[in-house]
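Report on the structure given below.
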Amino acid sequence: MAEEAVLGFLEKNEEITDSGQFAAERGIDHQDIANIIKSLHGFKLVDAQDIKRERWVLTEEGKTYAAAGSPEVQVFLAVPPEGISLDELQRKMDTTVFKIGRSQAIKNQWVEMGKQLTRKVQDVDDKVKDLLIRIQDGEVVDPKEIDALKRRKLISPQPWKGYSVRKGPKYAPRRKKFATDLTRENILRGDWKDLEFKEYNFSSKGQPVGGGSLHPLLKVRQQIKMIFLQMGFEEMPTNNFVESSFWNFDALFQPQQHPARDSHDTFFLQVPSTTKMLPEDYVERVKHVHEFGGYGSRGYGYEWKREEANKNLLRTHTTAVSSRMLYSLAQKDFVPKKYFSIDRVFRNEAVDRTHLAEFHQIEGLVCDRNLSLGHLIGVLNDFFSRLGMSKLKFKPAYNPYTEPSMEIFSYHEGLEKWVEIGNSGMFRPEMLRPMGLPADVRVIAWGLSLERPTMILYGVDNIRDLFGPKVDLSLIKKNPLCRIGI
């Protein structure tokens with residue numbers, strides 16, 4: 001409709017002098033007319049010249065007075081012929097309208113102040129309201145009136161852009177539709193000879209080429225994996241997210257009354273709710289060490305229940321995989337091993353800026369004869385130095401399946417403070433000996449999250465911006481490949 005109006009008018013007339021006036025006369029929105037003019041100008045059907053000017057629009061206060069009347073008229077109409085006290089009048093009216101209207105009505109000599117506020121004239125015209133309505137309708141108003149309304153902040157200037165339009169070099173009463181593609185049908189029908197093709201713009205940019213991008217977690221994960229491989233570690237299979245309570249807790253010498261085994265901390269499965277595949281002789285040895293101890297331990301002294309061990313869950317740590325690997329290692333002639341894993345674990349935790357119910361755990365362990373705490377500290381210093389963390393501190397801690405246990409701290413140069421980065425320890429004999437490992441075999445192990453170093457590297461302070469449904473995809477696309485450096 002807008003295009004037909006513009007081209008049809010130019011067919012019989014030389015020029016559209018003002019697109020704004022043109023749109024108003026035909027009842028068409030000016031923005032629609034402006035868009036059509038720009039399009040026609042691009043195809044050289046018309047020549048368009050910019051027209052720029054300021055127009056006045058009503059402020060929010062001005063719109064209120066255009067609808068309800070000016071404050072001075074509202075005050076005048078609220079004053080009865082017999083007069084009214086100021087206090088009573090103020091109670092009847094909006095405070096702002098009362099303050100502005102009273103002083104303006106007195107200035108106009110419509111009312112006077114005595115013991116009461118009384119009228120001095122019988123009737124008044126609301127010129128302010130009339131002016132506001134005229135401006136709202138786009139009418140031309142005397143500049144002096146404009147100044148008065150502007151001082152009262154009832155109107156404000158708004159830049160306006162329109163066009164004057166003439167016929168262009170390729171003018172036609174109707175726009176011809178140019179072909180953009182040469183199709184198989186055009187060739188078969190033979191109408192390709194009569195087609196007029198749209199000009200190809202060799203200067204325009206094409207659509208951005210889509211491509212996959214590595215997530216920051218995957219980048220850091222790969223770098224940490226390479227460090228493990230360079231240190232001679234083998235990767236453990238961690239593809240089973242569902243685990244039994246036996247391998248996740250019991251095999252690690254974690255008591256069945258431990259708070260971590262509560263449903264508030266662990267995701268238990270409903271289907272299938274239990275496992276039917278456990279090595280029975282090993283289960284009996286684990287049960288015995290829980291109930292009565294052994295290997296220098298008194299155990300926990302409670303009645304161990306098989307039904308608790310059978311419960312299926314989403315693994316709470318990848319140490320469940322470590323327990324399976326160590327048990328498998330114990331069934332053969334012993335060979336020293338170095339294992340690592342990086343994969344997802346699940347905790348029934350409240351989600352906040354530093355915690356998720358699903359996250360990644362990095363775990364490394366060394367299994368060999370006569371290992372000591374000194375070996376653990378040495379391996380930790382080697383591992384974390386390759387991550388760019390050379391200043392380490394160790395603090396004694398408690399874990400059900402390691403003794404001694406240590407929390408690992410690194411000095412963060414950017415934050416200028418010591419930051420906890422992981423946990424470590426030596427697996428207890430109560431865990432290792434029931435598996436069948438020789439008495440002189442020790443296992444040193446440590447673990448940390450993947451998210452913590454990634455957040456530091458990429459400057460992310462909310463874990464939900466890094467992992468989960470709220471991730472900003474532009475963050476993934478824009479971030480370059482990086483080197484570990486904390």
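So, R0 is 41 Å and r is the distance between the beta-carbons of Lys161 and Val209; what FRET efficiency does that work out to, to 0.05?
0.70
Using Cα centres only, tell me the gap between region 133-159 and region 209-240 in whole Å.
Between the Cα centre of region 133-159 and that of region 209-240, the gap is 67 Å.
Among all the lysines, which ones have a C-alpha under 17 Å from Lys305's C-alpha, if same-chain residues fewer than 8 places away are not counted?
Correct list for Lys305: Lys276, Lys287.
Extension gain Glu307-Ile377, at 0.36 nm per residue separation less the Cα-Cα distance, in nm?
21.3 nm
May I ask you to compute the full-extension gain from Arg369 to Ala179, defined as 0.36 nm times their residue separation minus their alpha-carbon distance, rounded to one decimal in nm?
Working: separation 190, 0.36 × 190 = 68.40 nm, distance 7.90 nm.
Gain on extension, Arg369 to Ala179, equals 60.5 nm.
What translational D, rounded to a whole number of µm²/s, comes out for the chain from Stokes-Einstein when the hydrodynamic radius is the Kirkwood one over Cα pairs, at 20 °C and 1.002 mPa s?
68 µm²/s
Quick one: of Lys219/Lys332; Lys38/Lys144; Lys311/Lys393; Lys52/Lys150, which pairs are farther than 32 Å apart, Cα to Cα?
The pairs that break the limit, which is 32 Å between Cα atoms, are Lys219/Lys332; Lys38/Lys144; Lys311/Lys393.
Taking a ≥ b ≥ c as the square roots of the Cα gyration tensor eigenvalues, with a/c under 1.5 meaning rounded and otherwise prolate when a/b beats b/c, else oblate, which class fits region 270-347?
In terms of gyration-tensor shape, oblate.
Suppose R0 equals 22 Å. What FRET efficiency, 1/(1 + (r/R0)^6) with r the Cβ-Cβ distance, do Arg298 and Ala439 give to the nearest 0.05?
Numbers: r = 18 Å, r/R0 = 0.84.
It comes out at approximately 0.75.
Give me the distance in nm between label points sitting 7 Å out from Cα along the Cα-to-Cβ direction at Glu234 and Lys153, one decimal.
With each label point 7 Å from Cα toward Cβ, the separation is 7.8 nm.
Computed FRET efficiency, Cβ-Cβ of Asp123 and Asp94, R0 25 Å: what is it to the nearest 0.05?
In this case the efficiency is close to 0.60.
Please figure out what share of the DSSP beta bridges in the chain is antiparallel and state it in percent, rounded to the nearest 5.
Here the antiparallel bridges make up roughly 95 percent for the chain.
Leaving out ligands, DNA and RNA, and with a 1.4 Å probe, what % of the accessible surface on the chain is carbon or sulfur?
Exposed carbon and sulfur together represent 50 percent of the surface.
So how do 282-293, 4-15 stack up, highest first, on mean other-Cβ count within 10 Å?
Going from most to least packed, we get 282-293, 4-15.
In Å², and per residue, what accessible area does the chain have when probed at 1.4 Å with the other protein chains present?
For the chain, the per-residue accessible area is 58 Å².
Which aspartates and glutamates, if any, have their Cα less than 20 Å from the Cα of Lys338, not counting same-chain residues under 8 positions apart?
Within the straight-line limit of under 20 Å, Lys338 reaches these aspartates and glutamates: Glu234, Glu235, Glu363, Asp368, Asp382, Glu403, Asp440.
Among Tyr163, Ile146, Ala179, pick out the residue whose Cα is farthest towards the positive end of the charge dipole of region 141-189, where Lys and Arg carry +1 and Asp and Glu carry -1 on C-beta, about the Cα centre.
Final value for the positive-end residue is Ala179.
The values are calculated or read from the model by the stated rules, or taken from the named source; none is laboratory data. None of the values given here were measured: they were computed from a predicted structure. As a convention, Cβ positions derive from the backbone with ideal geometry for all residues, glycine included, and neighbour counts pool all protein chains shown. Side chains included, ligands, DNA and RNA excluded: accessible areas come from the protein's heavy atoms. Shrake-Rupley method; radii C 1.70, N 1.55, O 1.52, S 1.80 Å.
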